[in-house]
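*Asks:* I'd like to ask some things about the structure below.
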Amino acid sequence: MGTKVVRCAAIVTVCAVACRSAPAADRAANRMTAATPAASPSPAAPSPVDCRTAKCLALTFDDGPGPDTPRLLDLLRWRSARATFFVLGRNAAAEPALLRRMVAEHHEIANHGYSHANLVRLSNAEIRREIELTQEIVFRATGQRPRVMRPPYGATNARVGRVARLPQIMWRIDTRDWLHRKADSVCRTVLKLARRGAVVLVHDTEPATVDAMPATVDGLLRRGYTLVTVSELYRSKRLLPGRAYAGN
Ligand code: NI
């Protein structure tokens with residue numbers, strides 16, 4: 001281990017060792033799997049963050065909720081870190097309690113369509129259905145409608161934007177976590193590419209990504225980042241329906 005650590009530290013500033021293991025607290029937190037909030041009350045509302053002055057970064061989790069989402073919420077809660085969940089309507093429909101928990105813990109729920117269809121290939125009516133079904137599922141569970149969406153595969157055009165009628169949030173940092181499924185790689189990619197105002201794309205449907213999050217979030221916090229929701233990141237900007245945004 002020693003040799004590898006030393007070599008890594010010498011070559012790059014972000015060393016694998018920082019991404020390797022979770023502290024004991026996380027292992028305890030990771031054992032909690034309830035879809036509903038822990039017995040303790042919801043965390044107090046965070047004080048407003050001004051991303052014009054704070055070093056903000058937005059972690060965005062696509063395609064869930066999934067079986068690993070509760071433990072992700074546990075570890076985010078443990079660190080008072082916030083994130084945005086671009087949920088699929090078909091997954092969200094089965095998890096109303098989990099959606100309520102996201103809202104109670106000050107995360108943002110955003111729209112990733114209903115079935116992960118490539119919106120560019122759909123008719124206007126089908127695009128509308130993908131977006132509106134998901135809006136309604138989230139609203140029925142939480143009383144709030146998502147304010148932003150992300151087209152599956154990042155596939156969009158002017159027509160999709162016009163029909164979907166929500167600001168489209170893309171990303172600056174893609175970990176390609178769905179492809180390699182390696183926690184260490186997710187963590188190293190995020191820590192290496194992180195910069196102020198970035199939107200990071202990861203998937204809470206990938207267990208390795210959730211495994212990566214304790215070290216990733218700790219690493220970002222150590223580097224002085226404030227982890228915010230997408231709407232917080234863009235608070236000083238008026239997001240326009242149909243337009244695409246990828247972070248500052
Ligand atoms: Ni997706």
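*Asks:* Cβ under 12 Å from residue 246's Cβ, residue 246 left aside: what net charge do those residues give with Lys, Arg +1 and Asp, Glu -1?
*Replies:* Around residue 246, the charge tally is +2.
*Asks:* Moving on to the next point. Express in nm, to one decimal, how much length is gained between residue 126 and residue 158 on full extension, taking 0.36 nm for each residue of separation and deducting their alpha carbon distance.
*Replies:* Answer, rounded to one decimal: 10.0 nm.
*Asks:* Suppose a student asked you for the relative contact order of region 74-213, using Cα pairs under 8 Å spaced at least 6 residues apart; what percent would you report?
*Replies:* 20 percent
*Asks:* Explain nothing, just the number: relative contact order of region 139-248, from Cα pairs under 8 Å at least 6 residues apart, as a whole percent.
*Replies:* Once normalised by length, the contact order is 36 percent.
*Asks:* I would also like to ask the following. Give me the net charge for the shell around residue 205: Cβ to Cβ below 15 angstrom, other residues only, Lys and Arg +1, Asp and Glu -1.
*Replies:* Taking every other residue near residue 205 into account, the sum is -3.
*Asks:* Determine the order of 142, 53 by accessible area, beginning with the largest, at a probe radius of 1.4 Å.
*Replies:* Largest accessible area first, the list is 53, 142.
*Asks:* Please get the size of the charge dipole for region 185-235, origin at its Cα centre, with Cβ charges of +1 on Lys and Arg and -1 on Asp and Glu, quoted in debye to the nearest 20.
*Replies:* In total the dipole reaches around 400 debye.
*Asks:* Can you give the charge dipole size of region 41-183 about its Cα centre, rounded to the nearest 20 debye, using +1 on the beta carbon of Lys and Arg and -1 on the beta carbon of Asp and Glu?
*Replies:* So the magnitude is around 280 debye.
*Asks:* Right, next: Can you compute the radius of gyration and Dmax for region 194-248, using only the Cα atoms, both in Å?
*Replies:* Rg and Dmax of region 194-248, Cα atoms, are 13.2, 36 Å.
The values are calculated or read from the model by the stated rules, or taken from the named source; none is laboratory data. Note that the structure is a prediction, hence the values are computed from the model and not measured. Here Cβ is always computed from backbone atoms with ideal geometry, including for glycine, and neighbour counts include all displayed protein chains. Each accessible area value is taken on the protein alone, full model and side chains, heavy atoms only, with ligands, DNA and RNA left out. Shrake-Rupley method; radii C 1.70, N 1.55, O 1.52, S 1.80 Å.
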